[in-house]
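Beneath this line is the structure, given in structure tokens, with notes to follow.
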Amino acid sequence: MPTAPTITDHVLVRPLHLAGPGTEDFAFHLGAHYGWYRPESADRDIVLASPNGDLTLARHPGTGRWRVTAPSPIAPAAWSIDFDDRTPSEITAAVLYTLAAYEENAPAAVLGSESSGHAAAFGILHGAGWPPQRRDGHQVALAPDRLAALARPLFGESADTVLTGAADTGTWNVVFSDRTPSVLLQSAATELLQPALRRPAELPVRHRDRMTLEQADARVTGRAPLSAAARAARSRTGAPTTAHPAAPAVTAAAIPAPRRASGR
């Protein structure tokens with residue numbers, strides 16, 4: 001049975017895939033702590049670009065999705081990742097912060113990747129008790145509660161890897177295109193196994209009886225902690241591991257003002 005906290009300010013929620021979207025502050029942090037900027041002249045859907053302009057984060061209001069894209073000299077995109085609005089923001093943040101840390105400190109690991117990186121992510125989830133399955137021609141890692149899964153077609157050289165979970169209505173999903181770097185799929189899988197930080201009022205009502213709640217430490221409720229996956233990535237690349245300060249949800253005012261990239 002779920003456990004009830006004694007104080008109702010913030011709670012740690014497990015499993016994360018049922019916790020709802022949380023606060024979308026990742027665009028603010030990419031600008032404030034990783035140097036991503038809003039290009040002066042770019043497609044109107046482009047929200048941010050990495051400091052050297054190689055990576056872009058776009059917002060597609062019509063579909064309610066975010067997309068991060070890496071360029072390729074031989075294709076429209078070397079790889080891309082799509083996040084929908086219902087995706088727990090911790091997963092989106094973990095992937096984007098890991099990407100930013102690697103792009104800054106070990107760019108070869110994330111730019112122009114030519115190999116799919118799904119195997120390690122499946123291994124992380126299998127090791128955490130998500131049983132491996134084969135369904136309808138797909139390799140699947142299924143959550144113990146059967147309300148989230150990582151899936152990829154068994155056949156075909158090029159295929160998307162899709163992470164799905166339960167939302168308050170419908171489901172959420174993250175789509176990793178073929179050739180998405182392994183470290184980014186690993187960051188999503190690692191973060192998925194961590195608790196979410198939420199106010200009780202933010203929790204999807206339909207899943208409350210499936211969640212375990214624990215009172216959050218007061219030291220973390222006023223901060224936006226660096227995700228476990230991003231913290232590990234920064235450690236591997238030699239970047240600082242300090243947690244970022246809290247920030248408001250993404251608004252027009254929270255996104256950096258347009259500017260040109262340095263030297264461009």
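Things worth noting here:
- Residues that are buried (at least 17 other Cβ atoms within 10 Å of the Cβ) and either more than 24 Å from Pro51 (Cα to Cα) or without any contact (Cβ under 8 Å) to a residue 24 or more places away in the chain (or both), drawn from the range 100-137: Ser116, Gly117, His118, Ala121, Phe122, Ile124, Leu125, Trp130
- Looking across the range 23-36, just one residue is surrounded by fewer than 21 Cβ atoms within 10 Å (Cβ to Cβ) and over 22 Å from Leu197 (Cβ atoms), and that is Gly35.
- Of the numbered criteria (1) among the aliphatic types (A, V, I, L, M); (2) buried (at least 17 other Cβ atoms within 10 Å of the Cβ); (3) without any contact (Cβ under 8 Å) to a residue 40 or more places away in the chain, the one Leu154 fails is (2).
- The range 34-59, residues that are touching a strand residue (DSSP E or B) at 6+ places or on another chain (Cβ under 8 Å), modelled with pLDDT of 90 or more and not small (Gly, Ala, Ser): Trp36, Tyr37, Leu48, Pro51, Leu55, Thr56, Leu57
- Close Cβ contacts (under 8 Å, 6 or more residues apart or on different chains) running from residues in the range 202-218 that are farther than 16 Å from Gly170 by Cα and at pLDDT below 90 to residues that are surrounded by fewer than 13 Cβ atoms within 10 Å (Cβ to Cβ) and aliphatic (A, V, I, L, M) comprise Gln215/Ile7.
- Residue among Thr63, Thr69, Thr87 that is under 12 Å from the mean Cα position of the chain (by Cα) and either β-branched (Val, Ile, Thr) or not in a helix (DSSP H, G or I) (or both): Thr87
- The set of residues in the range 165-195 that are part of a loop (DSSP other than H, G, I, E, B) and more than 13 Å from Leu99 (Cβ to Cβ) comprises Ala167, Asp168, Thr169, Gly170, Ser177, Asp178, Arg179, Leu193, Gln194, Pro195.
The values are calculated or read from the model by the stated rules, or taken from the named source; none is laboratory data. For clarity, every value in this text was computed on a predicted model and none was experimentally measured. With ideal geometry, Cβ positions are generated from the backbone for all residues, glycine too; neighbour counts draw on all protein chains shown.
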